[in-house]
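Beneath this line is the structure, given in structure tokens, with notes to follow.
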Amino acid sequence: MSWFVRGLVTAVTTWRLCLAGAGHVGAGVVSLLHRRHAEIATRYGADLRLCGIAELGGCAVGQSGIDLAAVVDTIGAGLPLGAMPGAGRPGMTSRQLIDECKPDMLLEATPVNLTDGEPGLSVVRAALTAGVHVVLANKGPLALCYSELAGLSDLADGWGSRYRPARDGPGTRPRLRFSATVAGALPVVNIGCRDLAGDHITRIEAIFNGTTHSILRAMERGLTFQDALADAQARGIAEEDPSLDVSGHDSACKLVITANAVLGMPATLADVSIEGITGITPADVAAHQARGQRLILLCLASESPGGYDLSVRPSAVPAEHPLARLLPDEMGVVYYTEHLDRLSSASLEPGPDPASAAMIRDVIDIIRSETRWPPIPAGSSGAGS
């Protein structure tokens, strides 16, 4: 059993991971696991071994751990993982990968599908049912089926201020973590569930979509919506198909996840009033600027007698508001509680790497929560020494 001495660990436990999705976020996860393997083992006592990675068309499998350098090179060259020498399994699906590898943890980073949540929903459901811990970057499964997936995991006990441990002790259900689904590295869920667990949240204001924020800031410089969108796409901020972003549905997904996880509200997308930015003109933006305001795509959860009202819509905020001060590529969240006037956090995330790092953050959180640290012997120097 591992335990800390002078900030390091004396033993290392192997954790076998499977990754579904080899796009920008998934590729970043592979790169981080490769570059930070020794550091994570030293600091957290975890030997993280990627035993399988799935993409559309096939998988790469290595029961004792895939050569991560080879995976990085394969992805970088645009070659199919199913064709990797010795490890490739053409035609294998992510569900088949889980059945074959039987990992300790699934990392799910496939593209968002708000129609039926697939292919991510099925593999997440199967993993949790099989007792496999799950870390999500894909918003779709949670936006569509949060209550079901939470019920299959440790979140059935509640989280944060609503935590009620299972009678048969911690660690009896697989753990489900998803901080990367809400604005990447921005610790929206962590702040709400952990740091504000002792208070009552009355209001959440946020900018959860970097694409729309970048477009609105570009329109302040006089660009049309289409020119601002083209600029965001050229810089890699916006997707080739930006419809989820500009329609407000990407932000709404993140707000639904936040409402469920942080506020304890069993919300779905149908509970969110959604309006995107496609109808905004440079004249609209300039008019608000002239009044000392800034137009943003505001995600709002406001306490009401029946719980919380949820909305995503273009809104004007005063120039001194924390969200008005964000840079074009920043996202941010502002919490209001009964005993705290305001707590705000922001992140500058010009690419997918912060979301990849957030997935590793959740992996480490699961490892910490699953580890039973024994008492430090008398005379030993603990981490606080």
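Bear in mind that the values in this text are calculations on the coordinates, not laboratory data. Everything numeric here is computed off the predicted structure, so don't read it as measured data. For neighbour counting, all protein chains shown are included, and Cβ atoms are generated from backbone atoms with ideal geometry for every residue, glycine included.
Given 37 °C and 0.692 mPa s, how large is the Stokes-Einstein diffusion coefficient of the stretch 269-370 in µm²/s, with Rh as the Kirkwood radius over Cα pairs? Kindly include the intermediate steps, with their values, before the conclusion.
Values: Rh = 16.3 Å.
Diffusion coefficient, whole number: 201 µm²/s.
Cut-off is 10 Å between beta-carbons; in what order do MET84, MET331 appear when sorted fewest neighbours first? Write out the running numbers ahead of the final one.
Working: MET84 23, MET331 28.
By the 10 Å Cβ count, ascending, the order reads MET84, MET331.
Go through 343-350, 264-271 and give me the packing order, highest mean Cβ count within 10 Å leading. Please report the intermediate quantities before stating the final value.
Working: 343-350: 17.4, 264-271: 15.5.
So the peptides 343-350, 264-271, ranked by packing, come out 343-350, 264-271.
With r as the distance between the Cβ atoms of THR281 and GLN233 and R0 = 25 Å, compute the FRET efficiency 1/(1 + (r/R0)^6) and round to 0.05.
On the way: r = 20 Å, r/R0 = 0.78.
Calculated value: 0.80.
Taking the alpha-carbon set of the stretch 188-348, what are its Rg and Dmax in Å?
Just the Cα atoms of the stretch 188-348 yield Rg and Dmax of 15.5, 46 Å.
Quick one: if the Förster radius is 35 Å, what FRET efficiency do ASP199 and SER273 give, using the C-beta to C-beta distance and rounding to 0.05? Provide the component values of the computation, followed by the final result.
Numbers: r = 26 Å, r/R0 = 0.75.
Efficiency, from the Cβ-Cβ distance: 0.85.
Could you tell me what fraction of 2.2 N^0.38 Å the Cα radius of gyration of the chain comes to, as a two-decimal ratio?
Values: Rg = 21.5 Å, N = 385, 2.2 N^0.38 = 21.1 Å.
In units of the globular-protein estimate, the chain measures up at 1.02.
Would you please put 131-137, 89-95 in order of how densely packed they are, using the mean number of other Cβ atoms within 10 angstrom per residue and starting with the highest? If you can, show how the numbers build up before the last one.
On the way: 131-137: 24.1, 89-95: 17.4.
Answer by packing, highest mean first, reads 131-137, 89-95.
Counting only DSSP beta bridges with both residues in the chain, what percent are antiparallel, rounded to the nearest 5? Could the numbers behind the result be given before it?
Values: 37 of 58 bridges.
Roughly 65 percent of the beta bridges in the chain run antiparallel, per DSSP.
Could you derive backbone 3J(HN,Hα) for the stretch 178-187 from the dihedral phi with the Karplus parameters 6.51, -1.76 and 1.60 (θ = phi - 60°), listing whole Hz in sequence and x where the residue is Gly or Pro?
Here the 3J(HN,Hα) series is 7, 4, 6, 6, 10, 6, x, 6, 4, x Hz.
Okay, helix-only estimate at 222 nm for the chain: each DSSP H run of n ≥ 4 adds -39500 (n - 2.57), divide by all residues, round to 500 deg cm²/dmol; what do you get? Before the final figure, lay out each step's value.
On the way: 12 runs with 126 residues, N = 385.
Roughly -10000 deg cm²/dmol at 222 nm, from the helical runs in the chain.
Going highest first, how would you order 98-105, 220-227 by mean Cβ packing within 10 Å?
Numbers: 98-105: 19.0, 220-227: 14.0.
Put in order of decreasing packing, that is 98-105, 220-227.
Need one word for the stretch 43-138: rounded, prolate or oblate. Basis is the Cα gyration tensor (sqrt eigenvalues a ≥ b ≥ c); a/c below 1.5 gives rounded, then a/b vs b/c decides.
Numbers: a/c = 1.62, a/b = 1.17, b/c = 1.39.
Cα axes put the stretch 43-138 in the oblate bin.
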